[in-house]
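Just so it is clear, none of the values below were taken in a lab; they were calculated from the coordinates. A quick note: this is a predicted structure, and the numbers were derived from the prediction, not measured. No Cβ is skipped: glycine too gets one built from the backbone with ideal geometry, and neighbour counts run over all protein chains shown.
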Amino acid sequence: MAALSGATLQPGHSWRTPSSWHLRTRLVIVAMVLLVTICGAVGVFSYVSMDGVLTRQLDQQLGGASHRSSIFGQPVPGTMVGPDPLEARGQSVGTLNARMLNGAVVSAGFLAGDATRRGLSTEDDAVLLALTPDAAPVGRTLSAGAYRLTSVRTPFGDVIVTGLPLAEKQNILASLVWTLVLVSAAGLVLIGLAGTAAIRRTLKPLEQLSEVATKVSRLPLDAGEVTLGVRVPASAAHPGTEVGSVGYALNQMLDNVSNALEARQESELPDEPVVVRGDAAQLHQVIANLLSNARKHTAPGTRVVTGVMRSADGSAMVTVTDNGGGIPPEFLSRVFARFARFARADTARTPVANSAAVHQPDGTAGGTGCMAGTGSAEGTSGLGLSIVQSILEAHGGTVEVSSRPGRTEFAIRLPAAPPARTFTGRAQLVPKDLISASRTVDA
């Protein structure tokens, strides 16, 4: 079955291989990535919107300051020199003013925090001279800090530059960024925890389905009585949901499998004895030889199961099945040859460890006596299987063997005799005879 599953179980999980992650892990990661993307988009939108609002407000204030500077700084009639625009009423701390005439800076300065006038550097003068008069306000970095500047040409031929500091706007935007980061991080943590709990609860029915399937996969379903009582809980088998539909379908499948196992068990354990015409002692030796063969050439812990049934054509069928390592394919065609000890020699079958129990035909677990030996514990004559074939041919029957790692089965077929009250010259193949044979061999 491992080869049919299409997958090989790997120990552990690797974070480098997302396909090996648990489903809930992938769902949580996807949800968190989506939340981070949404929070990032909201943060960018909020920042851009706030920046636009603050810039418009600052430009309105800058327009008022520029108007006051132009009116107050008008030249005295008969001269080209006017009062310092910084001395106009209403100018706030940090306001910058400069007067330029004929491409040169006549005066420039800004109001410091103590309301005193401070000058600008030569580099600042070059920045101010590069401004285009009557253009839209622009942001520039000066020696006094970042400023929003506007340049206006007056009717008197000079140019008045007015600026307001950007520090307050930048502080507001920085506070907004930190607020968005902290709120988003806290929200992601809370939503991540709540989402993980919700996803775990939502996927719990799937875990129940997996648990049921795992339990069923570990049941010995090959022969004997099997109680298939495990089912998906009703809470996870409601057909109204996707997961519930899967659980409901799995329960239906388990019901069908249980019915099939019951039917198989009935076929393995017929209500009436399966009667064949033959010598009871010789047929007893056939069963004893097959059980002895299984005991000698499989390891302790190997499970051997015997079964008796009537096939579709009316003939009697007896099987002896074990879960040992199997017979090599090259020996299968010669297992019934005389002195063919190599066919199931000490190393011919590698045992498969399993529970050491013989399943009795009535469905109960028998003793472990037939598994007491090992292939290397005692020698063989190489005649046991040849004798089996000879006896069966004398009775008009056949014996076949099929083998693969984990399952070897000898199947005996004998013509069935009509039921009769007197069994002289007949042999009854009933479950208790098979059990006593196995116990005799393993004593």
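So how do 186-194, 245-253 stack up, highest first, on mean other-Cβ count within 10 Å? Write out the running numbers ahead of the final one.
On the way: 186-194: 12.2, 245-253: 16.3.
The densest-packed peptide leads the list: 245-253, 186-194.
Provide the gained length on full extension for the span Ala280 to Val257, in nm with one decimal, where the gain is 0.36 nm per separating residue minus the Cα-Cα distance. Let's see the in-between values first.
Details: separation 23, 0.36 × 23 = 8.28 nm, distance 3.64 nm.
Additional length available on full extension: 4.6 nm.
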Under 19 Å from a label point 7 Å along Cα→Cβ of Arg89: give me every residue in the range 109-125 with its amide N that close.
none
Let me know the whole percent of all Cα-Cα pairs from the range 104-190 that are separated by more than 23 Å.
40 percent
Taking the highest mean first, how do the peptides 95-103, 228-236 order by number of other beta carbon atoms within 10 angstrom per residue?
95-103, 228-236
To the nearest 0.05, the calculated FRET efficiency linking Ala104 and Ala185 through their beta-carbon distance, R0 being 51 Å, is 0.45
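If you take the beta carbon distance between Ser175 and Arg16 as r and set R0 to 56 Å, what does 1/(1 + (r/R0)^6) give as a FRET efficiency, to the nearest 0.05? Display every interim value, and only then the final one.
Working: r = 40 Å, r/R0 = 0.72.
The computed FRET efficiency comes out at 0.90.
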Using θ = phi - 60° and Karplus 6.51 cos²θ - 1.76 cosθ + 1.60, couplings along the range 130-135 (whole Hz; Gly, Pro as x):
7, 6, 8, x, 6, 8
